[in-house]
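Here's the structure, in structure tokens; my notes come after.
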Amino acid sequence: MLLPNNQMGQMRRWYKLQRCSICKSFIWLSQIELKEPAEAPEPHQVWQLCESCYDALLIEIRRAAIRSPERLRIALGIVASERSPGAYALQETPEGQQFRREFIWFTWFIIFFGLLHLVVFAIIWLH
């Protein structure tokens with residue numbers, strides 16, 4: 001995407017950071033784009049991967065005994081099931097839930113306490 005530079009009449013590039021399709025981390029320097037082969041069933045997909053997910057994908061593809069056009073999609077699914085942030089749902093304990101509730105109450109109390117002091121200081125300052 002090109003954005004105009006109004007000062008000199010030149011164009012400058014605006015780079016949008018991409019996220020890895022598997023682990024959802026930002027890809028800073030080396031983005032690897034994978035496209036499905038033409039023989040793969042529809043819909044053909046494109047994935048942007050970081051280096052670590054790409055390396056894990058290559059290992060999984062080499063391990064696979066399947067030699068069909070769907071091999072990339074299957075290997076990607078296996079790697080995503082291991083590396084995706086949503087792969088393992090964290091079960092929160094009742095103690096954790098109680099702590100979160102108490103922390104939220106404490107945070108609101110601190111905010112209210114600060115605002116109350118701000119109002120008192122404003123009243124004192126204006127008189």
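Miscellaneous remarks
- Of all residues in the range 46-65, exactly one satisfies the criterion of being surrounded by 13 or more Cβ atoms within 10 Å (Cβ to Cβ), over 19 Å from the mean Cα position of the chain (by Cα) and not in a helix (DSSP H, G or I), namely ALA64.
- Cross-chain or 6+ apart pairs with Cβ under 7 Å, the range 50-74 first and within 19 Å of ARG19 (Cα to Cα), then open to solvent by 60 Å² or more (accessible area, probe 1.4 Å) and assigned to a helix (DSSP H, G or I): CYS53/ARG83; ALA56/ARG83
- Number of the exception - ARG83 against (1) in contact (Cβ under 8 Å) with a residue 60 or more places away in the chain; (2) in contact with a strand residue (DSSP E or B) (Cβ under 9 Å, 6 or more places away or on another chain): (2)
- Pairing residues of the range 1-30 that are of a type in the set (D, E, K, R) and part of a strand (DSSP E or B) with residues that are open to solvent by 100 Å² or more (accessible area, probe 1.4 Å) and at pLDDT below 55, at Cβ distances under 8 Å and at least 6 apart in sequence or on separate chains, gives ARG13/MET1.
- Inclusion of GLU92 among residues that are open to solvent by less than 100 Å² (accessible area, probe 1.4 Å), of a type outside the set (A, V, I, L, M) and more than 30 Å from GLU33 (Cα to Cα) is warranted.
- Filtering the range 1-24 to residues that are of a type in the set (Ser, Thr, Tyr) and either modelled with pLDDT under 55 or open to solvent by 50 Å² or more (accessible area, probe 1.4 Å) (or both) leaves only TYR15.
- Residue within the range 30-37 that is over 23 Å from LYS16 (Cα atoms), in contact with a strand residue (DSSP E or B) (Cβ under 9 Å, 6 or more places away or on another chain) and open to solvent by less than 60 Å² (accessible area, probe 1.4 Å) present: yes
- Unmet requirement for SER68, which otherwise passes all of (1) open to solvent by less than 50 Å² (accessible area, probe 1.4 Å); (2) at pLDDT below 75: (2)
- The range 72-88 - residue that is open to solvent by 80 Å² or more (accessible area, probe 1.4 Å) and not charged (D, E, K, R) and, of those, modelled with the highest pLDDT: PRO85
- Apart from one condition, ALA122 fits all of (1) surrounded by 10 or more Cβ atoms within 10 Å (Cβ to Cβ); (2) among the hydrophobic types (A, V, I, L, M, F, W, C); (3) in a loop (DSSP other than H, G, I, E, B); the exception is (3).
The values are calculated or read from the model by the stated rules, or taken from the named source; none is laboratory data. Since we're looking at a predicted model, the values are computed, not measured. Note that we place each Cβ from the backbone using ideal geometry, even for glycine, and neighbour counts take in every protein chain shown. Each accessible area value is taken on the protein alone, full model and side chains, heavy atoms only, with ligands, DNA and RNA left out. Shrake-Rupley method; radii C 1.70, N 1.55, O 1.52, S 1.80 Å.
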